[in-house]
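Working notes, structure below.
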Amino acid sequence: MSRSKGYAAMAAKAPLAPYTFERREPREHDVLIAIKYCGICHSDIHQSRDGWSDYLEESIFPMVPGHEIAGVVTAVGAKVTKYKVGDKVGVGCFVDSCRTCAPCKSGLEQYCSVRTVWTYNARDYEGVPTYGGYSDRIVVDENYVLRMPENLPLDACAPLLCAGITLYSPLRHWQAGPGKNVAIVGLGGLGQMGVKLAHALGAEVTVLSHSLKKQADGKRLGAAHFYATSDPETFTKLKGTFDLIINTVSAEMDWNEYLALLKLDGTMVVVGLPEKNIPVGAFALTGGRRSLAGSQIGGIQETQEMLNFCAKHGVTCDIEVIPIQKVNEAYERVVNGDVRYRFVIDMASL
Ligand code: NAP
Ligand code: ZN
Ligand code: ZN
């Protein structure tokens, strides 16, 4: 076992505080990573406050959150072939899966039909709790590690490992590209990646934000259009406009209103995870043969593809780097929508 330092929530809703814990010694296929940066995803806040208790079997405390992990390899197990000491690597939302079910075999480990082992707030296949990236190091099987872009700053790439892939995967699956009208609902951590990636893929991008406060940013990030959803006119004007809507909002909202903005055969993909169920009317779907779908991060192969795409197109995340001592303040600011557009913890501050 090796001792690791980090920050943990000791109980649901408790503020995060310094915490020391054990990580396994690297096994023959493991990579030991010195964590340099970790992004703060809204999911970290939902989970450390036990906000998804209606959906998760259990929340495990003490909880060390963090699944946008970027760092450098410091040791490798005897049989590791993919990485060597000194490589710039990343770890996203999961660190293992069964490896034999149909989804795993087709590179969709995030939908493993046995059990995806999440990076934190989960148990590995031996029943040991997993601890995330708000810490100094992590031990991960090489098959669940990503190679980070060489040409881009590591801090601004950390959020690609969740926010980036969560938007890239549905944009690719529903074929965002030239000639497609794509709306991104919510310009937060996920939303800004959606705008940048959809624009880089060649789609015409519209941001639907609750006010016009972020309009200049939206245009700078690549949106052609920007509307406030607080204005009822927006819903009249944009009726039947979009091929694809990706909804990143973390709060309860009326999905029916947004479904009406789809063209015939359009799809709204939900990636935001509000803590309560949202009712959907049948008529909102039948009218334009519309689809309501969901999507969850992306598999290892697709995450690597996304990182390579970002390297090629120079896509990074807009970030605000903070020392770990400010993590609780950062949580409050995310909840209040006061972040442009992702906090990233500089682990040197630990
Ligand atoms: P975030 O940075 O807080 O962004 C959420 C955005 O939603 C805000 O910037 C805001 O955008 C909008 N919003 C927030 N509260 C709102 C309200 N009361 N009414 C209307 N709009 C509101 O969060 P994030 O890190 O991007 O995560 C977003 C959601 O996705 C979270 O629920 C998270 O758990 C989930 N998530 C899902 C996956 C997946 O695989 N499906 C992966 C990662 C995260 P505007 O100011 O532009 O309106
Ligand atoms: Zn996340
Ligand atoms: Zn599986």
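The values are calculated or read from the model by the stated rules, or taken from the named source; none is laboratory data. Computed from a prediction, not measured in an experiment: that's the story for all the values here. In this analysis, Cβ positions are derived from the backbone assuming ideal geometry, glycine residues included, and neighbour counts consider all displayed protein chains. Heavy atoms of the whole protein, side chains included, go into the accessibility calculation; ligands, DNA and RNA do not. Shrake-Rupley method; radii C 1.70, N 1.55, O 1.52, S 1.80 Å.
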Compute a Gaussian network model of the chain, connecting alpha carbons closer than 10 Å, and tell me which residue from Val72, Val128, Val140 fluctuates the most. Val128
Once normalised by the length of the chain, the mean sequence separation of its alpha carbon contacts under 8 Å that are 6 or more apart gives a contact order in percent of 18
Can you compute 3J(HN,Hα) from phi for each residue in the stretch 213-228, using the Karplus curve 6.51 cos²θ - 1.76 cosθ + 1.60 with θ = phi - 60°, rounded to whole Hz and x for Gly and Pro? 4, 9, 4, 4, 4, x, 5, 4, 6, x, 7, 7, 9, 8, 10, 8
Pairs of Cα atoms farther than 25 Å apart, the stretch 192-350, %: 39
Helix-derived mean residue ellipticity, 222 nm - over the chain, DSSP H n ≥ 4, -39500 (n - 2.57), to 500: -6500 deg cm²/dmol
Starting at the first residue of the stretch 51-62, write each ³J(HN,Hα) from the Karplus equation 6.51 cos²θ - 1.76 cosθ + 1.60 with θ = phi - 60°, in whole Hz, x for Gly and Pro. x, 9, 4, 5, 10, 8, 4, 7, 10, 10, 10, x
What is the spread of the Cα atoms of the chain along each of their three principal axes, largest first, in whole Å? 60, 39, 37
The chain, accessible area per residue, ligands and nucleic acids excluded (1.4 Å, Å²): 42
Between their Cα atoms, which of Lys213/Lys312; Lys36/Lys276; Lys180/Lys237; Lys239/Lys312 are more than 28 Å away from each other? Lys213/Lys312; Lys36/Lys276; Lys239/Lys312
Mark the label point 7 Å from the Cα of Asp54 along Cα→Cβ and return the residues of the stretch 275-301 whose backbone N is within less than 13 Å of it. 275-280
Do any GluC sites (Glu not before Pro) in the stretch 278-350 lie in a loop, going by DSSP, with at most 16 other beta-carbon atoms within 10 Å of their beta carbon, and if so which? none
Given +1 on the Cβ of Lys and Arg, -1 on the Cβ of Asp and Glu, and no further charges, what dipole in debye does the stretch 225-323 carry about its Cα centre, rounded to the nearest 20? 360
Please grab the % of Cα pairs in the stretch 6-63 that end up more than 15 Å from each other. 61
Pairs of alpha-carbon atoms within less than 8 angstrom and 6+ residues apart define the contacts here; what relative contact order does the stretch 156-266 have, in percent? 26
Where does each of 165-174, 25-34 land if you order them by average Cβ count within 10 Å, highest first? 165-174, 25-34
Give me the one-decimal Kirkwood hydrodynamic radius in Å for the stretch 305-349, with the sum taken over alpha-carbon pairs. 11.9
As a Kirkwood estimate from alpha-carbon pairs, the stretch 1-130 has a hydrodynamic radius in angstrom of 15.8
